[in-house]
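Novice: Just passing along the structure, written as structure tokens.
The values are calculated or read from the model by the stated rules, or taken from the named source; none is laboratory data. Treat the numbers as computed from the prediction; the structure is a model and nothing was measured. Neighbour counts are summed over all protein chains in view; Cβ atoms, including those assigned to glycine, are modelled from backbone coordinates with ideal geometry. Heavy atoms of the whole protein, side chains included, go into the accessibility calculation; ligands, DNA and RNA do not. Shrake-Rupley method; radii C 1.70, N 1.55, O 1.52, S 1.80 Å.
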Amino acid sequence: MCVGESVVRIYDLVMTTSASALPTLRTLGNSDLHLTPIGFGAWAIGGGNWEFAWGPQDDNESITAIHRAIDQGINWIDTAAIYGLGHSEEIVGRALKSASRKPLVFTKCSMRWYEDRTIYRSLKADSLKAELDGSLKRLGVETIDLYQIHWPNPEEEIEEGWETLARLKEQGKVRWIGVSNFSVEQMKRAQEISPITSLQPPYSMLRRAIEEEILPFAQDNGIGVINYSPMTSGLLTGAMTAERVAALPVDDWRKRAAEFNEPRLSRNLQLVELLREIGQGYGASPGVVAVAWTLHHPAITAAIVGGRSAQQVEGLAPALTFRLSDDEYARIKSFLSSN
């Protein structure tokens, strides 16, 4: 039995909820990976003191959040070497040692750092091999279920980078390979070398650029899509207010993001109230509605949902099964079109 099949078998056997309450597993692209509709995103648990940090984070709270996600039925975790400059992978590795079940583990490469914590990018073969060895060690696993190029930078190294990932797959160090933040043209270049299993793009009701070309291309080419930031980095959770945004830590990258600043912030908080209204009849939070909005698109296989505490995870777990009706989806679309 392959690892992907064993994960599904374990998932089916140990879940204590009724069969009707279980989320439908979704096959990722051309792989044998069967995913729950949402996965645990480990960006924020990388902690503070790096360029794209979310501010300070308690490691024990992160581990508890991961355990709670697994216990709620989520069967995959997405992280990256760069998150916390290796720290996120270390925390995921610690959590896996004591988890009730072993989820699928995805991580990403291409962004590295110097001793002074400044970041650089490389898709050179030797660099990617060294990155993989570091990720395997930090995660405490023998094989990565999905290994992804984090960003297509440097542009001129895409072919070398993708060729390297294809070889690592042949060697059995990674099971499947994917890309993140790639354009259609960049995916075409990669496909000339080896098939792409998955694409990881940003996608939410506030970031819809991929609808025009990227999502149709993925559908036409059998590429699975796992979107990140479906709640626009916490903005659509229902917990964010203008006061909370103003109080974000100075090293939280969101303080510099356009959607978290005026004039967009007020409009976005109005959108949250619409999501709250739609979700109230189902006991679903605005964040759950926001995730369901992305899953409504037929090209989306599954969504990455971050959680920094067990409480946050519990609040978002209903996204495993909650879905929008066509009428509810149309209401949100009408708001987005008129504001």
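Novice: Using a 1.4 Å probe, what is the accessible area per residue for region 157-252, in Å²?
Specialist: Using a 1.4 Å probe on heavy atoms only, each residue of region 157-252 averages 39 Å².
Novice: Where in the chain is the longest stretch that carries no GluC sites (Glu not before Pro) classed as loop by DSSP and with at most 16 other Cβ atoms within 10 Å? Display every interim value, and only then the final one.
Specialist: Values: sites that count: Glu51, Glu115, Glu142, Glu192, Glu212, Glu213.
The segment 214-339 is the longest one with no such site.
Novice: If one takes the longest principal axis of the Cα atoms in the chain, at what angle in degrees, from 0 to 90 and to the nearest 10, does the Cα axis of helix 87-97 lie?
Specialist: The helix 87-97 is inclined about 90 degrees to the chain.
Novice: What full-extension length gain, to one decimal in nm, is calculated for Leu269 and Arg208 as 0.36 nm per residue of separation minus the Cα-Cα distance?
Specialist: Gain on extension, Leu269 to Arg208, equals 20.2 nm.
Novice: Output ³J(HN,Hα) for region 131-138: one whole-Hz value per residue in order, computed from phi by the Karplus curve 6.51 cos²θ - 1.76 cosθ + 1.60 with θ = phi - 60°, and x for Gly and Pro.
Specialist: Karplus values, whole Hz, x for Gly and Pro: 4, 4, 4, x, 5, 4, 5, 5.
Novice: Report Tyr83's accessible area, 1.4 Å probe, all protein chains in place, as a number in Å² to the nearest 10.
Specialist: Roll a 1.4 Å probe over it and Tyr83 shows about 20 Å².
Novice: Still on this structure: Note the angle between two axes, namely the Cα long axis of helix 326-338 and the longest principal axis of the Cα atoms of the chain, as a number of degrees from 0 to 90, rounded to the nearest 10.
Specialist: On a 0 to 90 degree scale, this one is about 90.
Novice: Now a separate question. Determine ³J(HN,Hα), in whole Hz, for all residues of region 223-235 in sequence, where each value follows from phi through the Karplus function 6.51 cos²θ - 1.76 cosθ + 1.60 and θ = phi - 60°; x replaces Gly and Pro.
Specialist: With coefficients 6.51, -1.76 and 1.60, one gets 9, x, 10, 10, 8, 9, 6, x, 9, 6, 6, x, 5 Hz.
Novice: Would you list the P(r) distribution for region 157-313, with all Cα-Cα distances sorted into 5 Å bins from 0 and each bin expressed as a whole %?
Specialist: Result, from short to long distances: 2, 8, 16, 17, 16, 14, 12, 8, 5, 2, 0 percent.
Novice: Name the long-range amide H neighbours of Thr27: under 5 Å, sequence gap of 5 or more, or other chain; modelled H, no Pro or chain starts.
Specialist: So Thr27 has HN proximity to Leu35.
Novice: Ordered by residue, what ³J(HN,Hα) values in Hz, to whole numbers, does region 70-81 give under the Karplus form 6.51 cos²θ - 1.76 cosθ + 1.60, where θ = phi - 60° and Gly and Pro are x?
Specialist: The phi angles translate into 5, 5, 6, x, 5, 10, 8, 10, 10, 9, 7, 4 Hz.
Novice: For the chain, which whole percent of the accessible surface, found with a 1.4 angstrom probe, sits on carbon and sulfur atoms?
Specialist: Carbon and sulfur atoms account for 49 percent of the accessible area of the chain.
Novice: Related question: Distances over 29 Å make up what percent of all Cα-Cα pairs in the chain? Kindly include the intermediate steps, with their values, before the conclusion.
Specialist: Working: 20224 of 57291 pairs.
Counting pairs separated by more than 29 Å, the tail of P(r) holds 35 percent.
Novice: Taking H as built 1.01 Å from N, whose amide H comes closer than 5 Å to the amide H of Gln148, not counting residues under 5 places away?
Specialist: Distant-sequence amide H within range of Gln148: Thr107, Lys108, Cys109, Gly178.
Novice: Using only Cα atoms, figure out Rg for region 103-178 and give it as a multiple of 2.2 N^0.38 Å.
Specialist: So the Cα radius of gyration is 1.04 times the expected 2.2 N^0.38 Å.
Novice: Considering only C-alpha atoms, what is the centroid distance from region 242-305 to region 71-98, in Å?
Specialist: Going from one Cα centre to the other spans 23 Å.
Novice: I would also like to ask the following. Excluding residues on the same chain fewer than 8 positions from Lys124, give the aspartates and glutamates whose Cα lies under 13 Å from its Cα.
Specialist: Partners found: Glu155, Glu156, Glu157, Glu159, Glu160, Glu163.
Novice: Looking at this model, which pairs from Lys102/Lys188; Lys97/Lys169; Lys137/Lys255 are more than 28 angstrom apart at the alpha-carbon?
Specialist: Beyond 28 Å between Cα atoms: Lys102/Lys188; Lys137/Lys255.
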